[in-house]
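A.B. asks: Take this structure first; my questions come after.
Only the coordinates and a few stated rules stand behind these numbers; no lab work does. Source: prediction; values computed, not measured. No Cβ is skipped: glycine too gets one built from the backbone with ideal geometry, and neighbour counts run over all protein chains shown.
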Amino acid sequence: MDLVKEIETALDACESPSIRKEYEERLQEGLLVRDENIHSHFCAYFVPYNPSNKSVLIGDHKKSGLWLMPGGHVDAGETLLQTLNREIEEELGVSDFYKERPDPFLLSVTNIVTDVRPCQKHFDIWHLMETDGENIEVDLTEYNEVRWVSIKDARELVTDPANIAALNRLENM
């Protein structure tokens with residue numbers, strides 16, 4: 001399945017008519033990945049979640065200066081599944097976590113306000129990564145620190161609206 005079809009399928013997870021419309025308009029523009037459009041592109045996020053103790057992994061992200069859940073930009077020629085597995089391996093040291101792409105549980109749009117980075121808008125497709133965290137080895141080149149925390153404790157650290165929406169969705173699952 002190509003990226004456009006994957007994103008169109010992911011729209012089934014979108015409960016917000018305004019976000020759905022923004023995604024549809026962005027799909028019509030084309031040039032969906034960072035290599036093609038450095039200012040506005042699609043990203044895949046994953047929420048490491050331990051269902052046994054209801055904790056999430058969040059990190060103090062060096063570039064953004066925010067506490068965030070892991071994820072990253074879709075690269076040219078990648079599917080969402082390939083992006084998820086690449087990002088999970090890069091950030092958490094786990095190879096081929098997903099055998100097939102899980103259904104996303106949230107779609108968000110992040111407007112990036114910074115003079116430092118060329119990114120201006122991310123179209124974020126969120127996936128749940130159920131794990132006990134046993135085999136995770138976090139790459140600390142991207143984070144100042146990472147923590148497994150309860151959703152309640154994550155709310156005290158996370159300020160990014162898309163990450164808050166992911167916590168809300170996770171809490172209601």
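A.B. asks: Under a Cβ-only charge scheme (Lys and Arg +1, Asp and Glu -1), can you give me the dipole magnitude of the chain about the Cα centre, in debye to the nearest 20?
C.D. replies: Using Cβ point charges on Lys, Arg, Asp and Glu, the chain gives about 500 debye.
A.B. asks: Count the DSSP beta bridges whose two residues both fall in the chain, then state the antiparallel fraction as a percent rounded to the nearest 5. Kindly include the intermediate steps, with their values, before the conclusion.
C.D. replies: Numbers: 19 of 29 bridges.
Once the DSSP bridges in the chain are tallied, antiparallel ones form about 65 percent.
A.B. asks: PRE reach from residue 38 (point 7 Å along Cα→Cβ): which of the range 101-128 fall under 13 Å by backbone N?
C.D. replies: Counting backbone N atoms under 13 Å from the label point, the list is 116-120.
A.B. asks: Could I ask something else about it? Return the aspartates and glutamates within reach of residue 21: Cα separation strictly under 20 angstrom, same-chain partners fewer than 8 residues apart disregarded; answer none if there are no such residues.
C.D. replies: Within the straight-line limit of under 20 Å, residue 21 reaches these aspartates and glutamates: 6, 8, 12, 29, 103, 124.
A.B. asks: Turning to a different aspect of this structure: Suppose R0 equals 22 Å. What FRET efficiency, 1/(1 + (r/R0)^6) with r the Cβ-Cβ distance, do residue 151 and residue 95 give to the nearest 0.05?
C.D. replies: Working: r = 28 Å, r/R0 = 1.26.
That pair, residue 151 with residue 95, gives E of 0.20.
A.B. asks: Could I have the simple spin-label model distance between residue 64 and residue 8, label points 7 Å from Cα toward Cβ, reported in nm to one decimal?
C.D. replies: Modelled inter-label distance: 2.9 nm.
A.B. asks: Tell me, what is the percent relative contact order of the range 1-66, built from C-alpha pairs under 8 Å that lie six or more residues apart?
C.D. replies: About 13 percent, as a whole number.
A.B. asks: Can I ask one more? Out of these labelled values of Rg/Rh (Cα atoms, Kirkwood Rh), (i) 0.93; (ii) 0.98; (iii) 1.05, which was calculated from the coordinates shown here?
C.D. replies: (i)
A.B. asks: If the label point is 7 Å along Cα→Cβ of residue 75, which residues in the range 95-112 have backbone nitrogen under 16 Å from it?
C.D. replies: Counting only backbone N, you get 95-97.
A.B. asks: Also: Return the loop-located GluC sites (Glu not before Pro) in the range 2-63 (DSSP other than H, G, I, E, B) with at most 16 other Cβ atoms within 10 Å of their own Cβ; answer none if there are none.
C.D. replies: Those that pass, being in a loop and sparsely packed, are 15, 36.
A.B. asks: DSSP loop (so not H, G, I, E, B), at most 15 other Cβ within 10 Å: list which trypsin sites (Lys or Arg not before Pro) in the range 46-143 pass both filters. Walk me through the numbers before you get to the answer.
C.D. replies: On the way: sites: 54, 62, 63, 86, 99, 121; in loops: 54, 62, 63, 99.
Sparse-neighbourhood loop trypsin sites (Lys or Arg not before Pro): 54, 62, 63, 99.
A.B. asks: What ranking of 39, 127, 122 emerges when the number of other C-beta atoms within 10 Å of each C-beta is taken as an exposure proxy, fewest first?
C.D. replies: Arranged by neighbour count, lowest to highest, 39, 127, 122 become 39, 122, 127.
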